[in-house]
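A quick write-up on the structure given underneath.
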Amino acid sequence: MASTHAGGFSCTFIPVSEDEGTAAAVKSSRICLDKLEAMTSVCSAGLDMIALSGDTPTAIISAIIADEMAIGMVNNKTTAVRLIPALGKKSGDWAEFGGLLGGAARHGGQSRKERRLY
């Protein structure tokens with residue numbers, strides 16, 4: 001039987017700190033927060049396990065979450081955000097969380113145009 005509505009969850013939700021390939025791309029600056037956020041519009045379910053500098057202002061964190069919520073509303077899909085404010089870490093630092101959690105590069109609190117994971 002044909003259906004005009006497909007059910008289920010058909011997006012990727014790749015945890016940056018838990019996926020070796022994504023973590024390596026972030027560490028080498030081949031992918032940045034803006035690219036990960038843009039992927040949410042097309043094929044991703046949101047931003048997962050992304051580390052932020054411990055001094056990232058709450059306004060920046062709120063704006064990132066609001067961006068993801070807006071993408072979800074516009075595209076009529078579920079989105080999610082798991083950000084890790086890493087106290088004591090600055091942009092460019094790398095932290096290892098251990099075990100299955102892996103490691104993640106720190107994102108600083110730059111303006112939207114300059115936002116990057118380093």
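For a quick check: sort Cys32, Cys43 by the number of other beta carbons within 10 angstrom, fewest at the front.
Working: Cys32 18, Cys43 10.
Least to most surrounded, the residues fall as Cys43, Cys32.
Can you sort Lys90, Lys27 from fewest to most other Cβ atoms within 10 Å of each residue's own Cβ? Numbers along the way, then the final one.
Working: Lys90 12, Lys27 15.
Ascending Cβ contact count within 10 Å gives the list Lys90, Lys27.
Quick note: the coordinates plus some simple rules give every number you see, no bench work behind them. Only a predicted model underlies this, so the values are computations on that prediction, with no experimental measurement involved. Note: ideal-geometry Cβ built from the backbone for every residue, glycine included; neighbour counts use all protein chains shown.
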